[in-house]
Amino acid sequence: MKIGKAVIFSAPSGSGKSTIVKRLLTKRRDLEFSISATTRAPRPDEVVGQDYYFLTKKDFLDKVNNGSFLEYEEVYPGVYYGTLQSELDRIWKAGNHVIFDLDVKGGIKLNEILKIRALAIYIKVKNLSTLKNRLITRGTENQDQITTRLAKASEEVAFESKFDASITNHNLDEALQSAEEMINQFLKEVR
Ligand code: ADP
Ligand code: 5GP
C-alpha cells in the first residue's frame with residue numbers, strides 16, 4: 001500500500017503560499033488540499049467547503065473541545081484556524097498525499113506531529129514592503145487587518161530555520177519550480 005505523506009507550506013500572510021499551493025495542485029493529481037476550518041468570514045472569491053470550512057466561533061470551540069483538531073491556532077486576535085484530523089484521514093485513505101497551507105506556528109507544530117512523513121516548506125519574500133504591497137494589491141483585508149498581518153509577519157520571519165526548506169517567492173514561476181522539485185524528490189523517497 002502507498003504510504004501517504006504531507007507537504008506543509010507556511011509563510012507570513014501575503015507571501016504567496018496560497019497561490020503556490022493552488023498551482024501545485026494542478027501539477028500532481030496525487031496531491032490533495034487539506035481544507036482547514038476557520039472563524040473568519042469568506043472572501044468574495046472563496047468557495048465554502050473548498051477553500052475553508054467556515055465556522056462560527058462556538059462551533060469551532062466545540063470542535064476544539066471534542067478533539068477534532070490535529071492542530072489549531074488563534075492566528076489573529078479572536079480569529080481561529082485549525083486542521084481537522086478528518087481531513088488528513090480522508091486524504092490518506094483516498095491514497096493521496098496531503099498539502100497544507102498553515103501559519104508559521106501551525107506549520108512547525110504539524111511538522112513535529114507528522115515527523116518523517118512531512119516536508120515543511122517556508123515561503124519568504126525579499127522584505128516586508130513587498131509583503132505590504134502584495135496584501136494591498138490582493139485587497140482582501142482592510143488597513144487595520146493589513147497592519148495586524150504585517151506585525152505578525154515581523155515575528156514569523158524568525159522561525160524560518162525551523163522548516164525543512166525555504167523558498168523565496170520573488171519570481172512566481174521560479175518559486176513554483178523549486179517547490180515542485182522539492183516535492184517530487186520528497187515523494188520519491190522511501191521513508
Ligand atoms: P498568502 O496565501 O501567502 O497569504 P497569496 O497567495 O494570497 O498569499 O498572495 C498574496 C498576493 O500576492 C496575491 O494577490 C497574489 O496574486 C500575489 N503574488 C503571489 N506571488 C507573487 C509573486 N511572485 N509576485 C507578485 N505577486 C505575487
Ligand atoms: P487567510 O486568512 O489569509 O486565509 O489565512 C491566514 C493565515 O492562517 C495564513 O497564514 C494561513 O496559512 C493560516 N491558516 C490557514 N489554515 C490554517 C490552519 O488550519 N491552521 C493554522 N495554524 N493556520 C492556518
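Screening 41, 37 for residues that are open to solvent by 30 Å² or more (accessible area, probe 1.4 Å) and either in contact with a His (Cβ under 9 Å, 6 or more places away or on another chain) or hydrophobic (A, V, I, L, M, F, W, C) (or both) leaves exactly one candidate, 41.
Taking segment 1-34 as the search range and keeping residues that are open to solvent by 20 Å² or more (accessible area, probe 1.4 Å) and of a type outside the set (D, E, K, R), which one is farthest from the chain's Cα centre (by Cα)? Filtering first and then ranking leaves 1. Residues of segment 140-179 that are over 22 Å from residue 100 (Cβ atoms), within 16 Å of ligand 2 (Cβ to nearest atom) and not in a helix (DSSP H, G or I): 142 alone. Against the numbered list (1) under 17 Å from residue 103 (Cα atoms); (2) touching a residue at least 40 places away in the same chain (Cβ under 8 Å), residue 25 comes up short only at (1).
Listed here are the residues, each with its yes/no results for (1) under 23 Å from residue 30 (Cα atoms); (2) not in a helix (DSSP H, G or I).
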| residue | (1), (2) |
| --- | --- |
| 61 | no, no |
| 70 | yes, yes |
| 74 | no, yes |
| 81 | no, yes |
| 88 | yes, no |
| 115 | yes, no |
| 121 | yes, yes |
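Just one of the numbered conditions (1) open to solvent by 80 Å² or more (accessible area, probe 1.4 Å); (2) over 26 Å from residue 31 (Cβ atoms); (3) of a type in the set (A, V, I, L, M) is not true of residue 150: (1). Counting the residues of segment 23-58 that are under 19 Å from residue 106 (Cβ atoms) and in a helix (DSSP H, G or I) gives 2. Got at least one residue in segment 85-96 being touching a residue at least 40 places away in the same chain (Cβ under 8 Å) and within 16 Å of ligand 1 (Cβ to nearest atom)? Among the residues of segment 85-96, not one is touching a residue at least 40 places away in the same chain (Cβ under 8 Å) and within 16 Å of ligand 1 (Cβ to nearest atom), which makes the answer no.
When the residues of segment 1-32 are filtered to those that are within 10 Å of ligand 1 (Cβ to nearest atom) and of a type in the set (S, T, N, Q), the one that is nearest to residue 113 (Cα to Cα) is 10.
The values are calculated or read from the model by the stated rules, or taken from the named source; none is laboratory data. Since this is a predicted model, take the numbers as computed values, not measurements. Every residue, glycine as well, gets a Cβ built from its backbone with ideal geometry; the counts of neighbours run over all protein chains shown. Surface accessibility is based on the protein's heavy atoms, side chains included, excluding ligands, DNA and RNA. Shrake-Rupley method; radii C 1.70, N 1.55, O 1.52, S 1.80 Å.
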